[in-house]
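Trainee: Mind looking over this structure? Questions follow.
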Amino acid sequence: MRAYAVIDIGGTAIKYGCATEEGQFLEKASRPTRAGAVSIPDVVLAIVKDMAARHELAGIAIDTAGIVRPGEDGEIVFAGETTFPGYSGTKLGRIVRETMQLPVLVENDVNAAALGEVWRGAARGASSAFMITVGTNLGGCFVQQGRIWHGASFSAGEIGYLRLHNEKRILEDVASTRAMIREAAFSHNMSPSELTGETVFDWAREGDEEALAAIQGLADNLGEGLAAVCCLLNPEVIVLGGGVMAQSEVLGPLLERRLEQQGRIWHGASFSAGEIGYLRLHNEKRILEDVASTRAMIREAAFSHNMSPSELTGETVFDWAREGDEEALAAIQGLADNLGEGLAAVCCLLNPEVIVLGGGVMAQSEVLGPLLERRLEQLVMPAMRVKTRLAFAVLGNDAGMLGALYALLQQEHVEVQ
């Protein structure tokens with residue numbers, strides 16, 4: 001039986017233990033994250049050295065808050081300076097490995113929690129799972145075939161940063177424990193610092209209408225984020241974590257109902273991942289393709305010119321725009337703004353290296369490209385966008401046939417360049 005040091009680095013506490021390769025804990029403990037001026041690497045090394053005195057360690061597994069670049073360095077790409085001063089840029093994996101001369105893995109805390117749930121928890125046996133943690137903030141991670149989907153800049157799954165339609169706020173502004181407490185405190189003429197999430201749920205069980213409304217608001221807004229996960233990832237399981245999820249008997253039915261209202265509810269993978277057009281707009285009955293398709297652009301341009309949409313084509317709208325027609329330019333700007341919201345959701349949840357834009361209207365790349373780039377700059381954190389580029393499809397009608405051929409070659413294990 002081999003033993004491993006396992007360490008969880010949070011904003012207020014570092015939890016740690018010794019576990020076997022079957023996931024059974026031999027011991028567990030915790031300590032404050034900041035104890036005097038001691039750095040986090042020094043705290044981690046002290047914990048590991050103490051544990052190594054009692055157990056013959058085969059390796060060290062660390063999960064930590066912040067954006068992490070997995071690999072030999074186990075680098076903390078970014079961590080909030082207020083909570084973790086000087087932590088960004090720390091090559092934690094390298095420091096611990098070179099000191100202890102043992103295999104070391106460093107992973108983001110939410111990513112690690114999601115993988116743990118797939119291995120030994122609520123998503124055990126699932127081929128795909130998305131985990132969302134609901135606390136002061138929102139975090140998320142997508143796991144497929146037992147592997148974490150990190151994204152191009154290691155920030156995939158950041159569901160809390162989904163931008164709300166036509167608003168400057170992001171999802172965690174309205175769908176976190178903090179948001180629920182803020183609403184309940186306001187309705188009770190109290191300061192949020194006087195309340196906890198547990199108190200709000202206790203009030204709700206006693207029939208307090210304002211508390212019930214705050215919880216309903218949390219469920220409604222969180223349901224919008226989960227609906228986006230269903231549209232883009234179509235996971236077999238969505239695991240809900242974080243302190244507030246101890247209230248599953250209250251939140252569970254509310255979230256199920258909200259997903260039903262959103263137009264679809266996925267019970268397991270149903271071969272419909274990537275349905276970006278079905279993203280529901282915040283506080284609206286419409287979906288993304290109602291406002292971000294060629295049809296929507298033509299409808300807006302036709303209305304402003306007192307014409308029927310059947311009299312127009314997308315090409316005509318772009319021709320008018322090149323001639324300086326303000327209504328056509330506004331219709332194209334609306335298309336770019338709304339489509340940009342969908343692409344921002346893709347950046348937050350998937351963090352791909354490339355987003356390929358196809359379809360007939362994309363032949364207008366010289367007009368749409370700059371507008372979409374600008375919209376993404378407005379909506380997406382630089383850390384999530386830095387390694388994601390927009391590209392316009394080049395294969396035209398051949399793309400589908402070539403893709404089907406490539407899938408067949410993969411199926412038959414034919415090596416191709």
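Trainee: Please compute P(r) over all alpha-carbon pairs of the stretch 122-278, binned at 5 Å starting from zero, and give each bin as a whole-number percent.
Mentor: Using 5 Å bins, I get a P(r) of 2, 9, 18, 22, 20, 14, 8, 5, 2, 0 for the stretch 122-278.
Trainee: Using unit Cβ charges (K, R positive; D, E negative) and no other charged atoms, how large, in debye to the nearest 20, is the dipole of the stretch 23-158 about its Cα centre?
Mentor: Numbers: 12 positive and 14 negative charges, 46 e Å.
With Lys and Arg at +1 and Asp and Glu at -1, about 220 debye.
Trainee: How long, wide and thick is the stretch 148-224, going by the Cα atoms along their three principal axes, in whole angstroms, largest first?
Mentor: Between the extreme Cα coordinates on each principal axis of the stretch 148-224 lie 46, 29, 22 Å.
Trainee: Quick check: residue separation of Ser187 and Thr136 times 0.36 nm, minus the Cα distance between them. What number comes out in nm?
Mentor: Result: 16.4 nm gained on full extension.
Trainee: Would the stretch 291-411 count as rounded, prolate or oblate if I go by the C-alpha gyration tensor, calling it rounded below 1.5 in a/c and otherwise prolate when a/b exceeds b/c, oblate otherwise?
Mentor: oblate
Trainee: Now for a different question. With a Förster radius of 41 Å, plug the Cβ-Cβ distance of Ser310 and Ser365 into 1/(1 + (r/R0)^6) and report the FRET value to the nearest 0.05.
Mentor: Working from the Cβ atoms, E equals 0.95.
Trainee: Rounded, prolate or oblate for the stretch 357-405? Axes are the square roots of the Cα gyration tensor eigenvalues, ordered a ≥ b ≥ c, and the cut-off for rounded is a/c under 1.5.
Mentor: Oblate shape, in that a/c is at least 1.5 and b/c is the bigger or equal ratio.
Trainee: Also, quick follow-up: Size of the dipole of the stretch 122-278 about the Cα centre, Lys and Arg at +1 and Asp and Glu at -1 on the beta carbon, nothing else charged, in debye to 20?
Mentor: So the dipole magnitude of the stretch 122-278 works out to roughly 660 debye.
Trainee: Extension gain Lys28-Glu98, at 0.36 nm per residue separation less the Cα-Cα distance, in nm?
Mentor: Gain on extension, Lys28 to Glu98, equals 22.7 nm.
Trainee: A follow-up question, please. Under a point spin-label approximation (7 Å from Cα along Cα-to-Cβ), what is the Lys15-Leu390 distance to one decimal in nm?
Mentor: Calculated label separation equals 4.2 nm.
Trainee: Now a separate question. How about Lys387: which lysines have a C-alpha closer than 22 Å to its C-alpha, ignoring those fewer than 8 places off in the same chain?
Mentor: List returned: Lys91.
Trainee: With Rg and the Kirkwood Rh both taken from Cα atoms, where does Rg over Rh land for the stretch 3-54?
Mentor: Rounded to two decimals, Rg over Rh is 0.98.
Trainee: Same structure, new question: Got a sec? Which residues in the stretch 331-357 would a label at Arg147 touch, if it sits 7 Å along Cα→Cβ and we count backbone N under 19 Å?
Mentor: 349-355
Trainee: Kirkwood-based Rg over Rh for the chain (C-alpha set), two decimals? Numbers along the way, then the final one.
Mentor: Values: Rg = 24.2 Å, Rh = 23.8 Å.
Ratio of gyration radius to Kirkwood radius: 1.02.
Trainee: Right, another one. Between Gln378 and Ala330, what is the label-point separation in nm under the 7 Å Cα-to-beta-carbon projection?
Mentor: Result for the modelled spin labels: 1.5 nm.
Trainee: Moving on. Classify the stretch 1-134 from the C-alpha gyration tensor, please: rounded if a/c falls under 1.5, else prolate or oblate depending on whether a/b exceeds b/c. Numbers along the way, then the final one.
Mentor: Numbers: a/c = 1.58, a/b = 1.11, b/c = 1.42.
Judged from the Cα gyration tensor, the stretch 1-134 comes out oblate (a/c at least 1.5, b/c at or above a/b).
Trainee: While we're on this one: How big is the gap, in Å, between the Cα center of the stretch 293-319 and the Cα center of the stretch 77-123?
Mentor: 51
Quick note: the coordinates plus some simple rules give every number you see, no bench work behind them. Everything numeric in this text was worked out from a predicted model, so none of it was measured. Positions of Cβ are generated from backbone atoms using ideal geometry, with glycine treated the same way; all protein chains shown enter the neighbour counts.
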